Amino acid sequence: MNKPQIRYSIFPSSPEAHLFEVRCTVDNPDPWGQVFSLPAWIPGSYLIREFAKHVVRIRAQSGRKLLRVVKLDKNTWQVEPFDGPVTVTMEVHAWDLSVRGAHLDTTHAFFNGPSVFLRVEGREEEPVEVEILPPKGAKYRNWGLATAMQRKSAKPYLFGTYEAANYDELIDHPVEMGTFELATFKAGGVQHDIAITGRHRTDMRRLTKDLKTLCETQIEFFGTPAPMDRYMFLIAAVGDGYGGLEHRASTALICARNDLPQEGMDKPSSGYRTFLGLASHEYFHTWNVKRIKPAAFTPYDLDCENYTTLLWAFEGFTSYYDDLLLVRSGLMPRNTYLDTLGRHISSLLRTSGRKKQTVAESSFDAWIKYYRGDENTPNAGVSYYLKGSLIALSLDLLIREQTGGRKSLDHVMRALWKKYGMKGVGVPEEGIEQIAEQVTGVKLKRFFDQAVRSTTDLPLQKLLLTVGIDMGLRPPRSGVDRREPKAARAENAADRGVTLGVRTGNEGGNVRITHVLDGGAAQKAGLAAGDIVIAMDGLRVTPDHFDNELSRHRPGEAVTLHTFRRDELHVVDVTLAAAKPDAWSLSVNGDKEGARARRRWLGID
């Protein structure tokens, strides 16, 4: 086989300074001057991240001859015309400990292709190879390499040469380097690897068994064969973290080390169930998003925003099935699932922004809103993850009720896979609604108009009754849904009947107001996000006892707060409001027909 005319190498040149050296060699560059560019975003995370900002230096040469490099815009460079092979070398600073970019230190290295590999403009469809090298020095001699990228001369889990059919495939295989714990299992006849980096005390046997069960359930859901030859779970265990990003044959996950299963654990902890939900979510994306994807993403334009109104289906439907398939696989008890659904419903119905932004608008505006949440986010918008998952629940139950259980959202997902995913064809903006009606025979236009294109609340209470589940209000509790940004928490005082109408955080041992909610007591009194509360009724307050102090009061009582806004002290009188019941719980009722429908839905008694 002929050597590819585009070749890359990546080398952790200075782990201490967090620097990669990345080279791209083109044997026959454009005679008018080859153009190179770095993606502005990474598929699966809808925010312009400007990876070019991490480029420290860039140079070009042919043999010993240095060539002039001209920067054309924020992420594009052109090498002067030259008759012969051209090598462009970049120095990239890697200090993004997330699932989206690149991170390098003396303990490990991780990178996603869009953050390090230049695109050779006009040559994106050509095959490429990449040599991945270890850092120099004795202390790195035990480092290995984990990736789902196709090996060329490299041995399994070691450095060497890898290959990809084109640039899109090259950047869709994240790479972990370092010392990691490895486990392997087969699901659907496909080898799956687990590589965990970071300090941890994981029960690898339990983790391997549960991930195998999960993967087999999802492969069976869509049907064999699985769409990949090999799959890799890359897991970074940290003190406190949560996140994942899907790829065609792997996923990069970051989690709290204590969320992984521990030896001697009698039953799954809530943290471990959270981790399994994350793994389930990203694995489901192997079909829904990586292969069943919006037409706006086929192909991706990596230089700018790619707009679609369908993220409520691609992210939201995935958020619905992640926990549902844990239930069907036996990894989550029914009552735990119902508790989780209740929290999701409560989180949505507490968000006043759901009455101002449709989920289609939320999808379209992901690039400027979802990943850039601010102090007004709960008041101004709605999450396409959260509401999208409850649209999926509503649609599933509606189809089951209208067809007497003969059809469901499961049939719609499999039809989307066969019509679009298996053929590599993008789903048009109206495609999901059309195929849902075709597959089920149910008229669904009114449902989609209300659920997707209006701010009308979903008929959840009515639909849950069809599967024998009552939905009722319970006393409010604090907490934030696990799929929502973590920064703030609701006030515990609401548990005792009084509310200030804020979310707060801890800033240097002080109470910091992070969000002021629409129509609440704090908003009426003129408090604002960013205010630091230092005293209530003349006594100092701290994050540890602020809520308890509030709870000593009754609705209608006034309290005097001393606050700092910037460096100015303010004294604010606030009349506390009654906390309205806003937490919903789900419970099984005694309806026999509902029980039969529930068994068909959940796959368990």
Worksheet item: Any idea which of 286, 336, 358, 308 is surrounded by fewer than 18 Cβ atoms within 10 Å (Cβ to Cβ) and of a type in the set (Ser, Thr, Tyr)?
Response: 336
Practice prompt. Could you pull out the residue among 33, 44 that is in contact (Cβ under 8 Å) with a residue 12 or more places away in the chain and either closer than 30 Å to residue 364 by Cα or among the basic types (Lys, Arg) (or both)?
Written response: 44
Item to complete: Could you give me the residue pairs with C-beta distances under 6 Å whose first residue belongs to region 235-252 and is assigned to a loop (DSSP other than H, G, I, E, B), whose second residue is of a type in the set (Val, Ile, Thr) and crowded, with 17+ Cβ neighbours inside 10 Å wherever it lies, and which are 6+ apart or on separate chains?
Response: 241/254
Item to complete: Would you be able to tell me the number of residues in region 236-273 that are surrounded by 17 or more Cβ atoms within 10 Å (Cβ to Cβ) and under 21 Å from residue 315 (Cα atoms)?
Response: 15
Worksheet item: Across region 137-150, what is the total count of residues that are surrounded by fewer than 22 Cβ atoms within 10 Å (Cβ to Cβ) and either at negative phi or not assigned by TED's automatic domain parsing to the domain that holds residue 162 (or both)?
Response: 8
Worksheet item: Quick one: how many residues across region 419-441 are touching a helix residue (DSSP H, G or I) at 6+ places or on another chain (Cβ under 9 Å) and either assigned by TED's automatic domain parsing to the domain that holds residue 223 or assigned to a helix (DSSP H, G or I) (or both)?
Response: 12
Worksheet item: Quick check, is residue 271 in a helix (DSSP H, G or I), more than 30 Å from residue 412 (Cα to Cα) and within 18 Å of the chain's Cα centre (by Cα)?
Response: yes
Worksheet item: Hey, does region 190-203 have a residue that's more than 24 Å from residue 418 (Cα to Cα), in contact with a strand residue (DSSP E or B) (Cβ under 7 Å, 6 or more places away or on another chain), free of Cβ contacts under 8 Å to residues at least 40 places away in the same chain and among the polar types (S, T, N, Q)?
Response: no
Practice prompt. Test residue 82 against the stated conditions and say whether it is under 30 Å from residue 243 (Cβ atoms) and either crowded, with 21+ Cβ neighbours inside 10 Å or assigned by TED's automatic domain parsing to the domain that holds residue 23 (or both).
Written response: no
Practice prompt. Go through region 523-554 and give me each residue that's free of Cβ contacts under 8 Å to residues at least 12 places away in the same chain and closer than 14 Å to residue 576 by Cα.
Written response: 552
Discussion item. One residue is enough: does region 115-136 have a residue meeting the conditions within 20 Å of residue 42 (Cβ to Cβ), touching a Leu at 6+ places or on another chain (Cβ under 8 Å) and either surrounded by fewer than 20 Cβ atoms within 10 Å (Cβ to Cβ) or among the basic types (Lys, Arg) (or both)?
Written reply: yes
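How about region 163-209: which of its residues are assigned to a loop (DSSP other than H, G, I, E, B), small (Gly, Ala, Ser) and in contact with a helix residue (DSSP H, G or I) (Cβ under 6 Å, 6 or more places away or on another chain)?
Of everything in region 163-209, just one residue is assigned to a loop (DSSP other than H, G, I, E, B), small (Gly, Ala, Ser) and in contact with a helix residue (DSSP H, G or I) (Cβ under 6 Å, 6 or more places away or on another chain), namely 188.
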Practice prompt. Enumerate the pairs (first residue in region 280-303 and touching a residue at least 60 places away in the same chain (Cβ under 8 Å) and on the phi > 0 side of the Ramachandran plot; second residue anywhere and assigned to a helix (DSSP H, G or I) and of a type in the set (A, V, I, L, M, F, W, C)) with beta-carbon separation below 8 Å, excluding pairs fewer than 6 apart on the same chain, so at least 6 apart or on different chains.
Written response: 289/314
Worksheet item: Within the set of pairs 6+ apart or on separate chains, which have a first residue in region 400-420 that is touching a residue at least 60 places away in the same chain (Cβ under 8 Å) and under 15 Å from residue 463 (Cβ atoms), a second that is of a type in the set (Lys, Arg) and assigned to a helix (DSSP H, G or I), and C-beta atoms under 6 Å apart?
Response: 405/600; 408/400
Worksheet, complete the sentence: Checking 501, 441, 421 in turn, the sole residue that is modelled with pLDDT of 95 or more, touching a Lys or Arg at 6+ places or on another chain (Cβ under 9 Å), of a type outside the set (Ser, Thr, Tyr) and crowded, with 17+ Cβ neighbours inside 10 Å turns out to be 421
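The values are calculated or read from the model by the stated rules, or taken from the named source; none is laboratory data. Keep in mind the model is a prediction, meaning the values are calculated, not measured. No Cβ is skipped: glycine too gets one built from the backbone with ideal geometry, and neighbour counts run over all protein chains shown.
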